[in-house]
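Chemist: There's a structure below that I have some questions on.
The values are calculated or read from the model by the stated rules, or taken from the named source; none is laboratory data. If you're wondering where the values come from, they're calculated on a predicted model, not measured in any experiment. Please note: Cβ atoms are built from the backbone with ideal geometry, for glycine as well, and neighbour counts cover all protein chains shown. In case anyone asks, the SASA skips ligands and DNA or RNA and just uses the protein heavy atoms, side chains included. Shrake-Rupley method; radii C 1.70, N 1.55, O 1.52, S 1.80 Å.
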Amino acid sequence: MSDQEYKEYIKDPTNEPMKRDFAKRDEGYLVVMSVCVGENVLYHNDYDYGERFYCGSYIWAIVNKEGLVTFQASGIYNVDVSEPEEIEVLSLVNAKQAMNQKFENIISANKVECKEIQQSYLAVGDGKSQTVSFIPVYVFLIEQKINDTKGGEQRQAIETMSFILDMENGKWIE
């Protein structure tokens with residue numbers, strides 16, 4: 001069944017999803033590219049927070065032996081190349097202190113662990129116009145092991161979260 005036939009088939013709620021067999025001729029590649037400002041990758045998630053709108057940025061494509069199958073891109077901007085304004089940013093040491101303070105009063109049997117800190121940029125808009133500005137941020141990748149006892153059986157899961165700290169003003173973007 002072709003992809004188009006399968007799309008039509010799955011639209012009918014009475015049809016069960018079927019297993020599809022794929023052969024060597026069906027192989028393809030998923031190509032994922034990051035959108036960068038200078039050497040820093042733009043953050044990839046969209047979300048609203050207060051009066052700001054944070055625009056995610058990503059590019060991906062599927063390519064097979066016949067060429068390009070699918071292409072999606074979001075957060076590709078024409079950048080104003082006028083002289084950038086110089087700003088004072090939060091040091092990595094102060095950013096780590098802010099992360100420690102965020103979790104210092106939380107009482108939990110489950111340990112919270114920072115796995116990675118990345119410098120990045122967020123594309124910020126007002127949600128109304130096409131104009132965006134880029135703000136420098138630290139992205140903290142956090143893991144927390146969660147123990148669960150269900151039906152007398154002990155299980156452990158790992159919850160992964162991202163926390164974003166504005167490098168200019170030291171405030172959390174949540």
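Chemist: Do you know which residues across segment 85-102 are of a type in the set (D, E, K, R) and either within 22 Å of the chain's Cα centre (by Cα) or open to solvent by less than 60 Å² (accessible area, probe 1.4 Å) (or both)?
Modeler: Across segment 85-102, the qualifying residues are Lys96, Lys102.
Chemist: Of the residues Ile164, Ile142, only one is open to solvent by less than 40 Å² (accessible area, probe 1.4 Å), assigned to a strand (DSSP E or B) and without any contact (Cβ under 8 Å) to a residue 40 or more places away in the chain; which?
Modeler: Ile142
Chemist: Every residue in segment 1-14 that is at pLDDT below 80, part of a loop (DSSP other than H, G, I, E, B) and open to solvent by less than 100 Å² (accessible area, probe 1.4 Å), please.
Modeler: Ser2
Chemist: Residue pairs, Cβ under 7 Å, 6 or more apart or interchain, first in segment 33-47 and modelled with pLDDT under 70, second of a type in the set (Phe, Trp, Tyr) and open to solvent by less than 70 Å² (accessible area, probe 1.4 Å). List them.
Modeler: Asp46/Tyr54; Tyr47/Tyr54
Chemist: Now for a different question. Just one of (1) modelled with pLDDT of 80 or more; (2) within 28 Å of Ser74 (Cα to Cα); (3) open to solvent by less than 60 Å² (accessible area, probe 1.4 Å) trips up Gln118, so point out which.
Modeler: (3) is the only condition that Gln118 fails.
Chemist: Given the conditions (1) closer than 22 Å to Leu92 by Cα; (2) in a strand (DSSP E or B), which single one is not true for Gly170?
Modeler: (2)
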